[in-house]
Amino acid sequence: MKKIIVLFVIFLTVLSCKSKDAPTKFSQEALNDTFVTLEGNSIAFKDILETHKDKTILIDIWASWCSDCLKGMKKVKELQANYPDVAYVFLSLDRGKEAWRKGIKKYHVEGDHYYMPSGKKCDFADFVNISWIPRYMLINKAGEIVVFNVIEADDNKLIEALKK
């Protein structure tokens with residue numbers, strides 16, 4: 001009887017685990033969400049992407065208080081050295097603009113920087129479903145999301161997509 005119950009539970013688990021395909025395009029809500037530039041201006045996410053039109057874009061969602069993010073910066077710097085033609089866009093979940101700006105300087109983070117004023121409570125964060133940072137995404141030259149969710153800058157999916 002126990003075997004039947006175990007098999008039944010496994011069967012239900014397999015049936016209920018629907019694999020959700022990663023999106024290849026951002027939702028309109030995510031594209032319209034606003035971020036803050038280093039100069040203090042608001043900018044829509046779609047305009048951030050438009051700035052790098054026809055380029056491969058690596059998005060790094062991070063925060064200066066996040067130890068895993070800081071450990072990952074060495075790997076990001078290696079990517080920047082190996083793939084200099086890629087646009088590196090850093091989206092910050094720091095707890096305040098001042099901490100964000102200080103973190104960029106302190107850790108010598110090179111790239112384009114934007115602050116997420118609403119943190120994880122915004123349309124972009126809802127679309128991306130941020131459960132862990134750092135979080136890396138890769139957008140190809142055609143504007144398609146080719147890597148949706150990796151948490152290591154040296155993840156094989158990310159590296160393989162960068163090589164294309």
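What residue among 40, 88, 76 has its Cα farthest toward the positive end of the dipole of the chain, where the charges are +1 on Lys, Arg and -1 on Asp, Glu, each on the Cβ?
Of the options given, the answer is 76.
Binning every alpha carbon pair distance of the chain at 5 Å from zero, what are the percents per bin?
All Cα pairs, binned at 5 Å, distribute as 2, 8, 17, 20, 19, 14, 6, 4, 4, 3, 2, 1, 0, 0 percent.
Compare 67, 42 by solvent-accessible area with a 1.4 Å probe and give them largest first, with all protein chains kept in place.
Working: 67 70, 42 95 Å².
The ranking, largest first, comes out as 42, 67.
If you roll a 1.4 angstrom probe over the protein chains with everything in place, what fraction of the accessible area of the chain belongs to carbon and sulfur, to the nearest %? Walk me through the numbers on the way to the answer.
Values: 5400 of 9960 Å².
Carbon with sulfur: 54 percent of the solvent-accessible area.
Can you pull out the GluC sites (Glu not before Pro) in the range 61-121 that DSSP calls coil and that have at most 15 other Cβ atoms within 10 Å?
110
What is the extension gain from residue 129 to residue 42, computed as 0.36 nm multiplied by their sequence separation minus the C-alpha to C-alpha distance, in nm to one decimal? List each step's numbers first, then the result.
Working: separation 87, 0.36 × 87 = 31.32 nm, distance 2.21 nm.
Length gained between residue 129 and residue 42: 29.1 nm.
Measure off 7 Å from each Cα along the Cα-to-Cβ vector at residue 120 and residue 65, then give the distance between these two points in nanometres to one decimal.
If labels sit at residue 120 and residue 65, their model points lie 1.2 nm apart.
Quick check: pseudo-label points 7 Å beyond the Cα along Cα→Cβ at residue 108 and residue 21, how many nm apart are they?
Going by the 7 Å Cα→Cβ label model, 4.3 nm.
In Å², and per residue, what accessible area does the chain have when probed at 1.4 Å with the other protein chains present?
Values: 9960 Å² over 164 residues.
Per residue, the chain has an accessible area of 61 Å².
Taking θ as phi - 60°, what are the ³J(HN,Hα) couplings along the range 149-164 by the Karplus curve (6.51, -1.76, 1.60), each to the nearest whole Hz, with x for Gly and Pro?
8, 10, 10, 10, 5, 10, 4, 4, 4, 5, 4, 4, 5, 5, 6, 6
In terms of modelled amide H atoms, which long-range or inter-chain residues lie less than 5 Å from the amide H of residue 90?
For residue 90, the qualifying residues are 60, 112, 113, 114.
The values are calculated or read from the model by the stated rules, or taken from the named source; none is laboratory data. Everything quoted here is computed from the prediction, not taken from an experiment. Cβ sites come from the backbone with ideal geometry, for glycine too, and all protein chains shown count toward neighbours. All accessible areas refer to the heavy atoms of the entire protein, side chains included, with ligands and DNA or RNA removed. Shrake-Rupley method; radii C 1.70, N 1.55, O 1.52, S 1.80 Å.
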